[in-house]
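Each remark here refers to the structure printed beneath this line.
The values are calculated or read from the model by the stated rules, or taken from the named source; none is laboratory data. Just so it is clear, the model here is predicted, and its values are computed rather than measured. For neighbour counting, all protein chains shown are included, and Cβ atoms are generated from backbone atoms with ideal geometry for every residue, glycine included.
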Amino acid sequence: MIKKSLIMILALIGIILISGCVQEPIIKPPTVEVVDAKILELSVNKATVDITLVVHNPNPIGATFNKIDYDVYFKDERPLRGSGEYEFMGHSTDEKKVTVESGDTTFHTFLTVENRRVLQALVTLVVQEKVWIKIKGTASLDLKATSYDIPFGKEILVPLPK
C-alpha cells in the first residue's frame, strides 16, 4: 500500500512539474525591429545614417535598454567594379538608455562613417539612385544584475537623398 501511494505521489509531482513547463512564461522578451534607414548626410568621405528602430514590449511593465550595438553594410553594386556582396561600412555602439513602455516604442540611432567605403557606397548611390543597406546588431535589455541581448537586423533599399 505504501509503495502504491509513493508511486501515485511521484506521478502527481511529475505531472505538476511537466505542466509547469508548458505554461507560457509570465514575462516575455521584447523584440527589436529595424523599420527604416535614411542617409542624412553624404559626401566623398563621410556619411550619416539615421536608423529607426521599433521595440515591441509585450509585457505590462516597462523595460530599459542600456546599449544598442550594430554594424552597417552596403551592397557594392558599382558598375564594372562592384562585387555584388555586402561590404562593411561602419560600427556603432549607442549607450544612451532607452526606456520602453508596454506596446511599441520608436526611437532613432545614428551612425556617422568616415572611410573609403563611403566613396564606394556613394558611387553605387549616384549611379543607381539607391543602395541596399544591411543593419545587424543587438539591443541590450538592462536586467540590473546582468543584461539580455536581443538580436535585430534587416536589409533596406535606401534611395538617393534629396
TODO: Those residues that are within 23 Å of N45 (Cα to Cα) and surrounded by fewer than 17 Cβ atoms within 10 Å (Cβ to Cβ), I need them from the stretch 133-154; list them, please.
DONE: K136
Task: Residue in the stretch 37-56 that is nearest to L119 (Cα to Cα), counting only those that are assigned to a loop (DSSP other than H, G, I, E, B) and not hydrophobic (A, V, I, L, M, F, W, C) - done: N45
Task: Residue count, the stretch 71-99 (criterion: modelled with pLDDT under 90, buried (at least 16 other Cβ atoms within 10 Å of the Cβ) and over 21 Å from L157 (Cβ atoms)) - done: 1
Open item on the list: Any residue at all in the stretch 100-112 that's within 15 Å of F65 (Cβ to Cβ), of a type in the set (A, V, I, L, M), crowded, with 18+ Cβ neighbours inside 10 Å and modelled with pLDDT of 85 or more?
Closed with: yes
TODO: Return the only residue of L42, L12 being hydrophobic (A, V, I, L, M, F, W, C), more than 28 Å from D104 (Cα to Cα) and modelled with pLDDT of 70 or more.
DONE: L42
